[in-house]
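Worksheet for the structure shown next.
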Amino acid sequence: MTGVQRERANILGSLVDMVDQRQSMERIAAFVREGGSHHIITLNAEIVYQAQEDEALRAIINRADLVTPDGIGVVWGGRRLGYEFRERVTGIDLVHLICEEAATAGWRIYFLGAAPGIAERAAAELCRQYPGLQSAGAHDGYFTAAELPDLLGQIAALKPDILLAALGAPKQEFFIAQHRHALNIPVCIGVGGSFDVIAGEKKRAPDWMIKCNIEWLYRLLDEPQRWRRQLALPRFMLSVMRQKRHS
């Protein structure tokens, strides 16, 4: 979005916009009006920690048009470093906010990702929740490299206003960065496992856990195999404390 001064926090080398949900939606609406191609990343602590050592991933994050603080780890890290983050802005929350606005603004949304059938079910559920929402199409995330050129052409031909890519992080970030200009979609955003939750394939944490910022604990209890991934959080916290000492 040209001419807008961005307030960004530097957390372990990754630049995160200091925005809340309202501000994020204002920028998304402006991106749709502006046209062109914009990349939005909802960034969690695991990916920030990974990006320290992955220069290509860090470059994608720092070139993105909007990077929201997805996860209490990023909010904690930013505040620890002296930045004023008001709240988390998660992928699934943005999906709902985008669809609510799209239903009245006339934005058309393409749903890409998850297992076969899930994207279609998520699109149908969101159209039910937000009457007037227009789905431009849906496709699962299990396409091959040989199928990709045709898929990109099909999506581009449909001319959606927003692409929701549920391919998992950081795969979805690399995918958008590589193909955004060929797709020429005003807003491309990675939304992780949001389709699984919206389609009813998985459950989101109860509201009280979300409000207490312990949604990560619910996911760990629900999927114990995630424990190796969750080790990134204490490592992230130690890295933030080292950054603070050296700042």
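The values are calculated or read from the model by the stated rules, or taken from the named source; none is laboratory data. All values derive from a computational prediction rather than experimental measurement. Every residue, glycine as well, gets a Cβ built from its backbone with ideal geometry; the counts of neighbours run over all protein chains shown. The area values use the complete protein model at the heavy-atom level, side chains included, leaving out ligands, DNA and RNA. Shrake-Rupley method; radii C 1.70, N 1.55, O 1.52, S 1.80 Å.
Tabulated values for the structure
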| item | result |
| --- | --- |
| Apportionment of accessible area to carbon and sulfur, the range 1-114, percent (1.4 Å) | 41 percent |
| Extension gain, Ser247 back to Lys202 (0.36 nm per residue minus Cα-Cα distance, nm) | 12.1 nm |
| The range 1-67 and the range 133-166: distance between their alpha carbon centers, rounded to Å | 22 Å |
| Whole-number percent relative contact order across the range 70-216, with pairs defined as alpha carbons under 8 Å at least 6 apart | 24 percent |
| Heavy-atom surface of the chain, accessible at 1.4 Å and reported per residue (Å²) | 48 Å² |
| Near-label residues of the range 150-193 by backbone N, under 12 Å of a point 7 Å along Cα→Cβ of Arg108 | 155-162 |
| Linear extension gain, Arg63 paired with Gln154, 0.36 nm per residue minus alpha-carbon span | 30.1 nm |
| Computed helical MRE - 222 nm, the chain, DSSP H runs ≥ 4 contributing -39500 (n - 2.57), nearest 500 | -15500 deg cm²/dmol |
| Per-residue SASA entry for Phe85, accessible area with 1.4 Å probe, Å² rounded to 10 | 10 Å² |
| Rounded, prolate or oblate (a/c below 1.5 giving rounded, otherwise prolate when a/b exceeds b/c) for the range 92-157 by Cα gyration tensor | prolate |
| Cβ-derived FRET efficiency at R0 35 Å, Glu34 paired with Ala124, nearest 0.05 | 0.75 |
